Each structure stands twice: as structure tokens, then as C-alpha cells.
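Computed from the coordinates by the stated procedures, all read-outs in this text should not be read as laboratory data. Just so it is clear, the structure is predicted and the values come from calculations on it, not from any experiment. Here the Cβ is made from the backbone with ideal geometry for all residues, glycine too, and neighbour counts use every protein chain on show.
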Amino acid sequence: MKPQESETTNNMNTQEEHKSMLEEVLAKENELILHNDDFNTFDHVIDCLIAICDHSVEQAEQCTYLVHYKGKCAVKRGSFDKLIPMKEALQDQKLTVEIK
């Protein structure tokens, strides 16, 4: 192999490695965290989790109890882009949420 071809191959391999690492970072799963508050009812929170986060009734109930007793709970995991609309919709329902 000629030296130039070897350098080109090495550069392509390096670019592929960088691309792979970037995709891994961008695809990193984040968590949508729901925090406890003193004004939303259990039923309201459960209804929101079912409608917005696509939880089953049982899953929504479990998350709601965890939030009540532990102060917070990860209610959804996924990419940042996937979680943003859910966060905004939950905030529109006056729930306290963040993405970590």
C-alpha cells in the first residue's frame, strides 16, 4: 500500500470512530424526573402520566406513589429530543419536572 493510501485509510478510520462516539453521546438516555408538590392530586398526576408519558395505569400509580414518598421519580427515559415535548406537556399541566 502506498503511504498516501495508508494515511487516507487511517483518517477514514479516525473519522468513523469520532462519528461513532458522537452518535453514542447524542443517543445517551436521559431521564424525565417528576418532583413532588403540595397541590396536584394523585388522580391528576396519574392521568397526566397515562396521557402524556404513555404509562399503564399500574405504572402511573407506582410512579405517583414513589414521587409522593421519595420526593421524585424518573417517569421516562430516552433521548433529550424525545423527552422535551413530554416535559413541556407535563409542565403545562402544572407538574414539576426536569430532564437529567
>> Using Cβ counts within 10 Å as a stand-in for footprinting exposure, how do Thr64, Thr96 rank, fewest first?
In response: Thr96, Thr64
> How about segment 19-100: which chymotrypsin sites (Phe, Trp or Tyr not before Pro) there are in a DSSP loop, with at most 14 other Cβ atoms within 10 Å of their Cβ?
Replying inline: Phe39
> Among Val75, Val45, which comes first, then next, by fewest other beta-carbon atoms within 10 Å?
Replying inline: Val45, Val75
> So if R0 is 30 Å, what FRET efficiency would Gln62 and Asn13 give, r being the distance between their Cβ atoms, rounded to the nearest 0.05?
Replying inline: 0.05
>> Can you sort Leu83, Leu49 from fewest to most other Cβ atoms within 10 Å of each residue's own Cβ?
In response: Leu83, Leu49
